[in-house]
Amino acid sequence: MTAGVPATPVSPAVAGLRCKCPRCGLGALFDGYLTVAARCGNCGLDLSKQDSGDGPAIFVIFILGIVIVPLMLIVEVKLEPPVWFHFMVWPIVVVGGAKP
């Protein structure tokens, strides 16, 4: 048995949902906000060949949409700000929320 690797197998679904290493279930899968780690910090599994593709970016877009669109509608209905307010505020909020 390799050091850092558990004796019992790790469920891929549980490891994925917890964003942990698929081999040991303990090391971090991501290095940053959307970047896959080069190696597992616990068992040393090489993760550099893993490509997350556009998956993380799509999830960020969906989450921001779920949060920001209702917020925009509430601000519009309650405060009735001028159009320039929307053009000035919401792009900053979106970029700030999506920044890695």
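The values are calculated or read from the model by the stated rules, or taken from the named source; none is laboratory data. Here the structure is a predicted model, which means the values were calculated and not measured. Here the Cβ positions follow ideal geometry from the backbone for every residue, glycine too, while neighbour counts run over all protein chains shown.
Which numbered condition trips up residue 49, out of (1) under 27 Å from residue 94 (Cβ atoms); (2) assigned to a loop (DSSP other than H, G, I, E, B)?
(1)
Does residue 58 meet the test of being under 21 Å from residue 96 (Cα atoms), modelled with pLDDT under 90 and either charged (D, E, K, R) or surrounded by fewer than 13 Cβ atoms within 10 Å (Cβ to Cβ) (or both)?
Criteria met by residue 58.
Within the stretch 74-100, track down each residue that is within 25 Å of the chain's Cα centre (by Cα) and in a helix (DSSP H, G or I).
Within the stretch 74-100, 89, 90, 91, 92, 93, 94, 95, 96, 97, 98 qualify.
In this structure, does residue 47 turn out to be surrounded by 14 or more Cβ atoms within 10 Å (Cβ to Cβ) and in contact (Cβ under 8 Å) with a residue 60 or more places away in the chain?
no
Yes or no: residue 63 surrounded by 11 or more Cβ atoms within 10 Å (Cβ to Cβ) and part of a helix (DSSP H, G or I)?
Yes, satisfied.
Quick check on my filter: what residues within the stretch 84-100 are surrounded by fewer than 13 Cβ atoms within 10 Å (Cβ to Cβ) and farther than 19 Å from residue 60 by Cβ?
84, 87, 88
Can you tell me which residues in the stretch 20-44 are at pLDDT 85 or above and either loosely packed, with under 10 Cβ neighbours inside 10 Å or of a type in the set (Gly, Ala, Ser) (or both)?
Answer for the stretch 20-44, where residues must be at pLDDT 85 or above and either loosely packed, with under 10 Cβ neighbours inside 10 Å or of a type in the set (Gly, Ala, Ser) (or both): 25, 27, 28, 37, 38, 41, 44.
Residue check: is residue 34 part of a loop (DSSP other than H, G, I, E, B), in contact (Cβ under 8 Å) with a residue 40 or more places away in the chain and at negative phi?
Spelling it out, residue 34 is indeed part of a loop (DSSP other than H, G, I, E, B), in contact (Cβ under 8 Å) with a residue 40 or more places away in the chain and at negative phi.
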